[in-house]
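Structure first, commentary second.
Every number here is computed from the coordinates shown, using simple stated rules; none is lab data. Everything numeric here is computed off the predicted structure, so don't read it as measured data. Backbone-built Cβ (ideal geometry, glycine too); neighbour counts: all protein chains shown.
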Amino acid sequence: MEMLIRGGRIHDAVHPEAYAADILVRDGKIAAIGANLTATDGAEIVEAAGMDVWPGMVEAHGHIGLDGWAIGYEGQDYNEYTDPVTPQLRAIDGINPFDESLHDAALGGVTTLCTGPGSSNVIGGTFAAFKPMGACIDDMCIRPEAAMKCAFGENPKRCYRDKSITSRMSTAAKLREILFRAREYMEKIDAADGDRSKLPAFNLQLHALLPVMRGEMPLKAHAHQANDILTAVRIAKEFGVKLTLEHVTEGALIVDELVRANVPLAVGPTFGQPSKIELKNKSWETPGILNRAGCHVSIITDSPVTEQKHLRFCAAMAVNSGMDPFEAFRAITIYPAEHIGVADRVGTLEVGKDADVVLTDGDLFQLSTRILSTYINGKKVK
């Protein structure tokens, strides 16, 4: 099946300048980008003259699909309060494909989402990267286990203060303990060399952490406050595991340290007043400050904290506070795609990538601009 998007102004998230071209889509993938392209008989033709054409936006961190939009407790499945250490939980087992917020996100031009457990637990389980179109989450996923959530700061203390965590020190100790055990578990499996009689007793929690210990999956560390950010970096170094940092609210206070850490940063949410003390230094200047210093920066909504469809306006606010417009555009497209490990499929308009395409009647960052059409895998969102 072919589709030809003809005569649009292409913003591919690769080249800083837009250019006039056609996009040929075949079987859900971008088959060609260029001038005067032709399609086979019967192909769908989208006349895009006078329109701006963008890659679908990418959210690196949120809880959409696990929140139960407008439902309340019965639909809220992103925090587990029975145990502070739950690496065995998987977002894919809780996401509701019929959550109305997913369709709302797609209509808003956000075509890839990374969603997962909240920050009540020291380790909360795995995030999933998926497209907000479909009825079965297994078919919607492009990376069903994209990262392992862990959390620092106020939230684990608040949620487990009557049980086992009363300080930032105990949060760090809990994380170290489970990582030590997971490393030992991995070493025993490796030493067994396939001999089932020598394998350790199966442990679901430790087994879930094997991809982290083997460097196949990053820890996705919730950290707002500067000291919490650096604790996450410290522990990741101790165990030699990959790390992404989420929220990074006080990142502007430790720019040099984050440059040295050289890990992907997902900055936000920034709309609204601070709801707790560790958010007191949040600022729209932070993404630009970190980006100019050379950090790998994505901008996030942390949906439902900010509605997912407003991701582009978060980038616009960063531009208004000094961030380079092209870098802000990349901070909601290719950089988050890299952050969650799906840049081979989404984040730019390039041949071979998924045909996730957004058509607008103007600049993506302008409040007055309307999103006219969204395509996911070459299919129009209706």
For the range 185-260 the chymotrypsin sites (Phe, Trp or Tyr not before Pro) that pass both the DSSP coil test and the at-most-15 other-Cβ-within-10 Å test are F202
Put in order of increasing Cβ neighbours within 10 Å, starting from the fewest, Y81, Y73 give Y73, Y81
Compactness check, the range 57-346: C-alpha Rg relative to the 2.2 N^0.38 Å globular estimate gives 0.96
For V351 and W69, extending 7 Å from Cα along the Cα-Cβ vector and measuring point to point gives, in nm, a value of 3.7
By the mean-Cβ-within-10 Å protection proxy, highest first, 160-170, 216-226 rank as 216-226, 160-170
Among A318, G68, Q273, the residue whose Cα sits farthest towards the positive end of the charge dipole of the chain, when +1 is placed on the Cβ of each Lys and Arg and -1 on the Cβ of each Asp and Glu, is Q273
Assertion target for W54, W69, W284, ordered by fewest C-beta neighbours within 10 angstrom first, is W69, W284, W54
Fewest-first ordering of E17, E307 by Cβ atoms within 10 Å yields E17, E307
